[in-house]
Structures are given as C-alpha cells and as structure tokens.
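The values are calculated or read from the model by the stated rules, or taken from the named source; none is laboratory data. Predicted, not measured: the structure shown is a model, and the values here were computed from it. Virtual Cβ from ideal backbone geometry, glycine too; neighbours counted across all protein chains shown. The area values use the complete protein model at the heavy-atom level, side chains included, leaving out ligands, DNA and RNA. Shrake-Rupley method; radii C 1.70, N 1.55, O 1.52, S 1.80 Å.
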Amino acid sequence: MQADQPCTRNYQLFSDYHTHPQGHRAQSYTQALLQPWADSARRLGLKDLAFTDHDRYHAGIHLDEIDRLREQNPDLQIRAGIELDNDPVRSVAGRKWIERHWDKLDFVLGSVHFLDRADEMFDSVPDGAAQFEGRNIDAMYSDYFRRIRELIETGLVDCLAHLDLIKIHGHRPTAGFASLIDDTLEFIRRRNLAIELSTAGWRKPVNELYPADNIVGLAREKGIPFTTASDAHSHVQLGDNFPALARKMADLGIHQVCIFERHKRAELLLQL
Ligand SMILES: [Zn+2]
Ligand SMILES: [Zn+2]
C-alpha cells in the first residue's frame with residue numbers, strides 16, 4: 001500500500017452475542033434449527049456465537065442440543081444464553097428457568113421491552129410507536145431506565161441488550177437525559193456488567209446504533225466492557241452490518257470485546 005492511501009483495514013469482529021435461532025416463535029432446538037447458524041458464523045469468519053432466544057420461548061431451548069452442536073462444530077465457540085425480558089406476565093417463568101439452569105448457561109442478556117402495557121412490547125414496529133403518542137417522552141425515558149435498573153437487580157443478567165431501545169421509533173427526550181444515562185451506567189459499572197453494541201438499531205426507524213455514540217463514549221470512560229451483537233432473528237442476519245460496527249468501534253476508540261463462558265467474562269483485543 002502506498003503511503004498516501006487512506007488506511008482501509010478494519011477490525012475483524014469475531015463474536016455475535018445476540019441471536020435468536022427460534023426467530024419470533026417457540027421452536028424446539030434441533031440440529032436442523034441450529035446448524036445453519038454455525039454455518040453462517042463460519043462463512044462470516046465469526047468464531048464465537050451466543051444463542052439468546054427470548055425467555056418466553058424457554059420451553060424450546062434444549063441445552064443438550066447445544067452440546068451436540070458444539071461436538072459437530074469444534075472450531076466454533078457456541079455459548080448457551082438467553083434474553084431475559086421484563087415481560088410482566090411471561091418472564092416470571094423465564095426467570096425461574098434461568099435460575100434452574102444458571103450453571104449450564106454461559107450468558108444472560110437483560111432487556112426492557114415492556115413499559116406500562118403488559119400486552120404489547122413498545123419496540124414492536126410499527127405498532128409499538130402508538131404507545132408514545134401524546135405522552136411525556138421525558139417521563140417515558142425515566143420510566144424505561146428505572147425498569148433497566150429493576151431488571152439488573154434480579155441479579156440474573158450478565159449484559160444489557162440494546163441499552164437505549166426506548167429511542168427505537170425516533171422519540172427523543174428534551175431534558176435531564178445526561179444524568180439519567182450517567183446514573184444508569186454507574187449502576188451497570190458497580191455491578192460489573194457489560195453492555196452490547198447492537199447493529200439492530202440500524203435496521204429500525206431510529207437508524208442508529210444501540211446505544212448512541214455518546215452513551216458508548218461514557219461507558220468506555222467508565223471501563224464498562226462491550227459485546228458485539230446483531231440481534232439476528234434469522235441465520236442470514238447473523239453479523240449484520242458488522243463491517244460498519246467495526247469502523248464505528250475504531251472511531252470511538254474501542255479495541256476490546258468481551259466474551260462469556262459460564263457467566264465468566266474475558267476481554268479480548270480486536271485484531272486488524
Ligand atoms: Zn430485545
Ligand atoms: Zn433479541
């Protein structure tokens with residue numbers, strides 16, 4: 001490469017820690033369901049993959065099938081995980097399932113998808129946007145981050161998913177946001193949790209990384225570690241937009257990514 005050429009080399013991201021083999025419905029884990037995810041990972045150059053289906057579908061998660069998948073794909077790290085929602089109805093059973101299987105799980109994501117309506121996730125697109133109509137957005141942001149803290153206090157979470165999901169439909173607060181974010185990140189730091197960098201936000205109306213750059217910058221200053229995540233609901237979505245995420249991470253000065261094994265975290269340096 002000539003000296004005056006811009007450097008186009010990019011970090012090679014190697015892990016996707018937010019994936020949904022079940023998609024949007026309860027399905028039993030089988031090799032037929034899971035193997036395409038391993039194939040996609042290999043094709044993309046990903047080495048470390050966490051399955052994190054929603055806790056409401058826990059009945060379909062068979063950890064022995066994950067063990068079989070590991071045996072069939074010894075070149076990949078495959079983590080048994082789950083996404084714990086704050087579903088006021090169904091997550092009660094989900095939490096019990098997580099407690100029962102805690103020692104066999106590698107990784108638990110924590111997510112707030114519900115505000116004051118128990119029957120509809122606020123992040124459903126486009127229907128969930130109606131929950132914001134005519135409402136005080138500042139109050140909704142406060143309520144959302146209060147629920148994040150509540151979820152953390154269950155003690156069942158290793159990493160927070162899409163930390164500023166509340167922005168999904170493009171609603172922005174007017175005041176007091178900085179201290180709300182700072183308090184939330186302090187809460188996360190004190191409990192030694194990670195947060196994810198999720199490309200899913202680029203597929204949503206807000207069209208922005210989760211979380212936003214300023215939140216990522218503040219988290220980095222506090223030493224909070226990051227996972228990389230696509231929130232893929234199909235194996236063809238695995239590692240979605242990772243080249244753009246890699247560029248963003250380089251811009252924001254993030255050179256490490258964390259991985260989990262049996263809830264134990266390790267931080268790895270990204271390679272060019
Ligand atoms: Zn989610
Ligand atoms: Zn998800």
query: In debye, nearest 20: dipole of the chain around its Cα centre with unit charges on the Cβ of K, R (+) and D, E (-)?
result: 320
- prompt: Got a sec to turn the phi values of the stretch 105-110 into Karplus ³J(HN,Hα) couplings, 6.51 cos²θ - 1.76 cosθ + 1.60 with θ = phi - 60°, whole Hz, x for Gly and Pro?
  reply: 8, 8, 7, 10, 8, x
- prompt: Taking one equal scatterer on every alpha-carbon of the stretch 136-184, how large is log10 of I(q)/I(0) by Debye at q = 0.16, 0.18, 0.20 1/Å?
  reply: -0.45, -0.57, -0.69
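So for each of 164-173, 97-106, 216-225 I average, over its residues, the number of other beta carbons within 10 Å; can you give me the resulting order with the highest mean first?
Values: 164-173: 19.5, 97-106: 14.9, 216-225: 16.6.
In descending order of packing, they fall as 164-173, 216-225, 97-106.
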field: Span per principal axis, largest first, for the Cα atoms of the stretch 174-221 (Å)
entry: 31, 26, 14
- line: Carbon and sulfur atoms account, in whole percent of the 1.4 Å probe accessible area of the chain, for 47
Theoretical ellipticity at 222 nm over the chain - DSSP helices of four or more residues, -39500 (n - 2.57) apiece, nearest 500: -9500 deg cm²/dmol
- request: Could you tell me which of the pairs 96/248; 222/248; 47/204; 96/222 are separated by over 30 angstrom between their Cα atoms in the structure shown?
  value: 96/248; 96/222
- request: Calculate how large, on average over all directions, the projected area of the Cα convex hull of the stretch 91-188 is; give the answer in nm² to one decimal.
  value: 6.7
task: Apply the Debye scattering formula to the chain, with a single equal point scatterer on each alpha-carbon and no solvent, then give log10 I(q)/I(0) at q = 0.08 Å⁻¹.
output: -0.31
- request: Could you do me a favour and compute the accessible area per residue for the chain, 1.4 Å probe, result in Å²?
  value: 45
statement: Against the 2.2 N^0.38 Å rule of thumb, the C-alpha Rg of the stretch 1-144 sits at a ratio of 1.31
